[in-house]
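J.: This is the structure I have questions about; it appears just below.
Nothing in this text is a laboratory measurement; each read-out follows from the coordinates by a stated rule. Just so we're clear, the structure is a prediction, and the values are computed from it rather than from any experiment. Every residue, glycine among them, receives a Cβ derived from its backbone with ideal geometry; neighbour counts consider all protein chains shown.
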Amino acid sequence: MTTKPLSLHVADAALSPDPLDPAQIVAGDPVVTSAVLWESADGTQSRGVWQITPGVVTDTETDEMFVVLSGRATVEVEGGPTLEFGPGDVGLLREGDRTTWTVHETLRKVYHSSATGS
């Protein structure tokens, strides 16, 4: 991945398919696309753009901070809060959190994530 300076209009960023594991899909036919803009040499950190179309999916999170650019979603954290996200909202998720994402409108976010791999 590039470590060079970058300027990108995120709303127009070209994204590539990032298929979901069918076991993660709870309802609907959500489609995930993404673009990794930077990844650490050991693969434990990444920064990029991620998008998902409406539907309901489950996930096990990495440590992540993100900013929602467009769309809306409700994220239920198992044993924790239910979070509402829309344009301009910042999210923080913890590694290992089990979540259920209900995507109401196609959601696009920029993110930084890190994982210990444990």
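J.: 7 Å from Cα along Cα→Cβ at both S114 and E95: what's the point-to-point distance in nm?
T.: 0.9 nm
J.: To the nearest Å, what is the center-to-center distance of the stretch 1-37 and the stretch 68-84, using C-alpha atoms only?
T.: One Cα centre to the other: 18 Å.
J.: Please list, by residue number, everything in the stretch 95-109 whose backbone N is under 17 Å from a paramagnetic label point 7 Å out along Cα→Cβ of T44.
T.: 95-96
J.: Scan (i) 12.6; (ii) 7.4; (iii) 6.7 for the value of mean projected area of the Cα convex hull in nm² calculated from this model and give just the label.
T.: Computed from the coordinates, mean projected area of the Cα convex hull in nm² corresponds to (ii).
J.: V49: net charge of surrounding residues, Cβ under 11 Å, Lys/Arg +1, Asp/Glu -1, itself excluded?
T.: My count for the surroundings of V49 gives +1.
J.: Report the calculated FRET efficiency for H104 and A14 (r = Cβ-Cβ distance, R0 = 22 Å), to the nearest 0.05.
T.: 0.35
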